[in-house]
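What follows is a structure written as structure tokens; I'll ask about it next.
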Amino acid sequence: MTPTDRPRLAVRSPADLLAAVPYLLGFHPTESVAVVALRGRRIIFAARADLPDAGADPAPPARHLAGVIDRQGAESATVVGYGPPFRVTPAVDAVREALTDVGLTVLDALRVTDGKWWSYLCAEPDCCPPDGTPYDPASSKVTATAVFAGQVALPDRAALTAQVAPHGGPVRVAMRLAAVRAEQRLLALLEEAPAGDLLGGRSLREAGVVAVRSALRRHRRGERLTDDEVAWLSLLLTHLPVRDHAWERTDGRDEDISLWTDVLRRCETELIAAPASLLAFAAWRAGQGALAAVALERGLSAHPDYSLALLLDDLLRRGVPPSELDGWPAVGQPGVMQRRPRRRGRSRRSI
């Protein structure tokens, strides 16, 4: 689920829309139903769900998808199903009905298979032939504009998942050795803590603040952390005050996404909960809902009870826009916070 915080793409036809969808989502969808939401003539949001299994009731996931779209303040939407008709048609029909039930206008409903599209709402053979309309995203001006603007559409969701997968080979061996050194460093820190520092909590937080600020600063300068720095940072992030300090200083800038992706991929599995959650938060703030989702999937697969990951997963599944929680977590928890103006110079981009 992705707010469209990217440069404007001129969409004037179904073929243009189909060329744009992969860049709205971040990858080329397959076996999916996608909804592109609009306010007026502006695309404001895109969401995707897997097609229901054959024979499964498509209504519950359709109602959920419609609720997410409605929560964005959309006025209208176009539905696109990817796959064979026997699976796409029931899903698209259910989503159309659910969108209508929440008061949204369905502008079009399309099916895409093997380089052709069909419209469920157009019966004119001149513009919507029964054999389908071929389209070539590679030759579209929309694709060219997106690529020129630096947008990326990965081949599929598996390619997105691979972006947060752990490194193997020599990188993993080096990180295991670095993790051992980090544990020894932590023991030394706790042993040297002052007598009045209960369980070394103050020393841990002070070390964590230094590590977090150094990591953020270096990545924002385009530098990469060493193995020992990643191991030390990921170990300190298990201390919740350190994790929260990092959370408060993470936003949706590319450098923060890069940092937490790097830490997530390199740190040991038992330490991934915090980096996965921080990456998900940064991606969500940036409007990269698909990246946030795969980061949370990885984190929760190893640590299913990690509270921050569960909280972010709930926000993502409900389609809560980042704009509703401006300033969070620095100004409080969801539902009790006051809105805070965005940092000067950072505005919500649009398509």
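Return the residue satisfying two criteria in turn: it lies in region 324-351 and is small (Gly, Ala, Ser) and out of contact with any strand residue (DSSP E or B) (no Cβ under 8 Å at 6 or more places or on another chain), and of such residues it is modelled with the lowest pLDDT.
Among those that are small (Gly, Ala, Ser) and out of contact with any strand residue (DSSP E or B) (no Cβ under 8 Å at 6 or more places or on another chain), it is Ser347.
Please verify whether region 196-208 includes one or more residues that are within 16 Å of the chain's Cα centre (by Cα) and either farther than 30 Å from Gly83 by Cβ or free of Cβ contacts under 8 Å to residues at least 24 places away in the same chain (or both).
The answer is no, given that none of the residues of region 196-208 is within 16 Å of the chain's Cα centre (by Cα) and either farther than 30 Å from Gly83 by Cβ or free of Cβ contacts under 8 Å to residues at least 24 places away in the same chain (or both).
Right, here's the next one. Yes or no: Val95 buried (at least 21 other Cβ atoms within 10 Å of the Cβ), in a helix (DSSP H, G or I) and out of contact with any helix residue (DSSP H, G or I) (no Cβ under 9 Å at 6 or more places or on another chain)?
no
Considering each of Asp114, Asp101 in turn, give the residue that is free of Cβ contacts under 8 Å to residues at least 24 places away in the same chain and of a type in the set (D, E, K, R).
Of the residues listed, the single one that is free of Cβ contacts under 8 Å to residues at least 24 places away in the same chain and of a type in the set (D, E, K, R) is Asp114.
Right, Ser203: more than 26 Å from Ile44 (Cα to Cα), part of a helix (DSSP H, G or I), of a type in the set (Ser, Thr, Tyr) and modelled with pLDDT under 95 or not?
yes
If you don't mind, another one. Any residue at all in region 167-185 that's in the same structural domain as Gly299 (by TED's automatic domain parsing), in contact (Cβ under 8 Å) with a residue 24 or more places away in the chain, part of a loop (DSSP other than H, G, I, E, B) and surrounded by fewer than 16 Cβ atoms within 10 Å (Cβ to Cβ)?
yes
Additional query: Residues Leu160, Leu204, Leu216: which one is touching a helix residue (DSSP H, G or I) at 6+ places or on another chain (Cβ under 6 Å) and not hydroxyl-bearing (Ser, Thr, Tyr)?
Leu160
Quick one: which residue in Gly287, Gly299 is surrounded by 21 or more Cβ atoms within 10 Å (Cβ to Cβ) and either assigned to a loop (DSSP other than H, G, I, E, B) or among the aromatic types (Phe, Trp, Tyr) (or both)?
Checking each option against the conditions leaves just Gly287.
With the condition kept exactly as written, say whether any residue in region 124-137 is buried (at least 18 other Cβ atoms within 10 Å of the Cβ), in the same structural domain as Ile43 (by TED's automatic domain parsing), part of a helix (DSSP H, G or I) and touching a residue at least 24 places away in the same chain (Cβ under 8 Å).
Yes.
Tell me whether region 71-88 contains one or more residues that are farther than 17 Å from Arg111 by Cβ, modelled with pLDDT of 95 or more, among the aliphatic types (A, V, I, L, M) and out of contact with any Cys (no Cβ under 7 Å at 6 or more places or on another chain).
No, that holds for no residue.
Which residue out of Ala59, Ala34 is within 17 Å of the chain's Cα centre (by Cα), under 16 Å from Thr89 (Cβ atoms) and surrounded by 14 or more Cβ atoms within 10 Å (Cβ to Cβ)?
Ala34
Okay, residues lined up against (1) of a type in the set (Gly, Ala, Ser); (2) assigned to a helix (DSSP H, G or I); (3) in contact (Cβ under 8 Å) with a residue 24 or more places away in the chain; (4) touching a His at 6+ places or on another chain (Cβ under 6 Å):
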site: Ala20; (1), (2), (3), (4): yes, yes, yes, no
site: Ala34; (1), (2), (3), (4): yes, no, yes, no
site: Ile43; (1), (2), (3), (4): no, no, yes, no
site: Ala46; (1), (2), (3), (4): yes, no, yes, no
site: Asp57; (1), (2), (3), (4): no, no, no, no
site: Pro60; (1), (2), (3), (4): no, yes, no, no
site: Ile69; (1), (2), (3), (4): no, yes, yes, no
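The values are calculated or read from the model by the stated rules, or taken from the named source; none is laboratory data. None of the values given here were measured: they were computed from a predicted structure. FYI the Cβ positions are ideal-geometry reconstructions off the backbone, even for glycines, and counts take in every protein chain you see.
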